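Accompanying notes for the structure given below.
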Amino acid sequence: MMGTMSPPPFERFYVRHRDEVLAYLRRLLGPRAEDAWQETFLRALRAYDRLEHGRHLRAWVFTIATNVAMDELRPRASANLAQAPETAAELRRDAFKELEHLTDALPPTERAAVVLRYGYDLPYAQIADALGSSEEAARAAASSGVRRLRRTHERHA
Amino acid sequence: MNVTPELDARFRAAAVREGIVDVRYDVVDSPVGDLLVAATERGLARIHFGSTGQEEELARVFGSRVLRSPIDDVRRELDEYFEGKRHEFDLPIDLRVAAFNEEVLRELARVPYGVTTTYGALAAKVGRPTAARAVGTVMNRNPIPIVLPCHRVLGANGSLTGYAGGLDVKLQLLQLEGAILG
């Protein structure tokens, strides 16, 4: 692997990461993930010729995906739910299976931190990049998310 | 959860439509085997005998934003050529070679369908009658074989000499065109 060299041709980068980025966005966005996935790789492609090296490309594309997902989640989440509460709840139940649905109730930043840490095994330094925060803040968001999940779980248990 | 072929195709089309791809490529099957064809916004840039392994070379020459995507006009004209229905290509060409190579390749493009010439004759046409060897090197590095018809160039004694796709492919193309070999 030529980690420190110039970025690989976009096609290789895209084929290597397209599936896991879609899975990540499905965890964050459920059925809205496909549009966000396309926007993620379009943003990556727009910026690709300005990359100075080929290091941390996985964290980089997760950063973009996280930003796209945040854009999607923050302003519209409540409006969408208000418009069609039943449909949204229905779609969510289908899309989030097993563990994924647990993170659904978390605030966006905590959700992204938990999914990147425990779903994708990204180190905190890279999660910090993805969230545009410090490493401590990323660590705090993940642990706060886990505590919140634990409380929710205990309430329901 | 894997990306479906439909979603994949939608992304590739959107990327090309937006004009953010440096070079796209496609694999076209033909009677002489798979051809990897590549095009920029300016036109057809590469034809490679084979189907894989060109991404790095394309990135080096045209930029890192390399994406596989259908190139319909090239596919169609190549199909028509191999069916014997097309004798000249109408495709715009993006030729990024040294000045001498470009001059030789432009001259090569004028060699008509079904007609052969020699390295020496081509050298004479560009005003360098003693440069047959240099012309041979240009043919050897022709980035767009078939469309720029280096298969129509033979040795002074009529021998096939050489070809990137192999001498059998050179012969096959000349036979397709009905060229008479001396």
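The values are calculated or read from the model by the stated rules, or taken from the named source; none is laboratory data. Bear in mind that the values here come from a model prediction, so they are computed numbers and not experimental data. No Cβ is skipped: glycine too gets one built from the backbone with ideal geometry, and neighbour counts run over all protein chains shown. Note: areas computed on protein heavy atoms with side chains; ligands, DNA, RNA excluded. Shrake-Rupley method; radii C 1.70, N 1.55, O 1.52, S 1.80 Å.
Quick notes on this structure:
- The set of residues from the range B:88-106 being farther than 15 Å from residue B:137 by Cβ and surrounded by 15 or more Cβ atoms within 10 Å (Cβ to Cβ) comprises B:89, B:91, B:93, B:94, B:95.
- Residue within the range B:108-120 that is assigned to a loop (DSSP other than H, G, I, E, B), open to solvent by 30 Å² or more (accessible area, probe 1.4 Å), within 14 Å of chain A (Cβ to nearest Cβ) and touching a Pro at 6+ places or on another chain (Cβ under 9 Å) present: no
- Residues considered: B:83, B:77. Of these, the only one that is charged (D, E, K, R), more than 10 Å from chain A (Cβ to nearest Cβ) and loosely packed, with under 14 Cβ neighbours inside 10 Å is B:83.
- Looking only at residues in the range A:33-58 that are surrounded by fewer than 20 Cβ atoms within 10 Å (Cβ to Cβ), touching a residue at least 40 places away in the same chain (Cβ under 8 Å) and assigned to a helix (DSSP H, G or I), the one that is nearest to the chain's Cα centre (by Cα) is A:58.
- Residue within the range B:40-51 that is touching a residue at least 24 places away in the same chain (Cβ under 8 Å), within 14 Å of chain A (Cβ to nearest Cβ) and open to solvent by less than 30 Å² (accessible area, probe 1.4 Å) present: yes
- Residue in the range B:53-64 that is crowded, with 17+ Cβ neighbours inside 10 Å, facing another protein chain (nearest Cβ under 7 Å), at pLDDT 95 or above and farther than 26 Å from residue B:151 by Cα present: yes
- Residue count for the range B:1-37 satisfying the condition of being of a type in the set (Val, Ile, Thr), within 12 Å of another protein chain (Cβ to nearest Cβ) and assigned to a loop (DSSP other than H, G, I, E, B): 4.
- From A:68, A:21, A:15, A:61, residue being among the aliphatic types (A, V, I, L, M), open to solvent by 20 Å² or more (accessible area, probe 1.4 Å) and assigned to a helix (DSSP H, G or I): A:15
- Pairs, first touching a residue at least 40 places away in the same chain (Cβ under 8 Å) in the range B:87-115, second among the small types (Gly, Ala, Ser), C-beta under 6 Å, six or more apart: B:92/B:43; B:93/B:43; B:94/B:43; B:94/B:45; B:114/B:178; B:114/B:179
- Among (1) away from chain A (no Cβ under 11 Å); (2) without any contact (Cβ under 8 Å) to a residue 60 or more places away in the chain; (3) farther than 24 Å from residue A:34 by Cβ, the one test that residue B:70 misses: (3)
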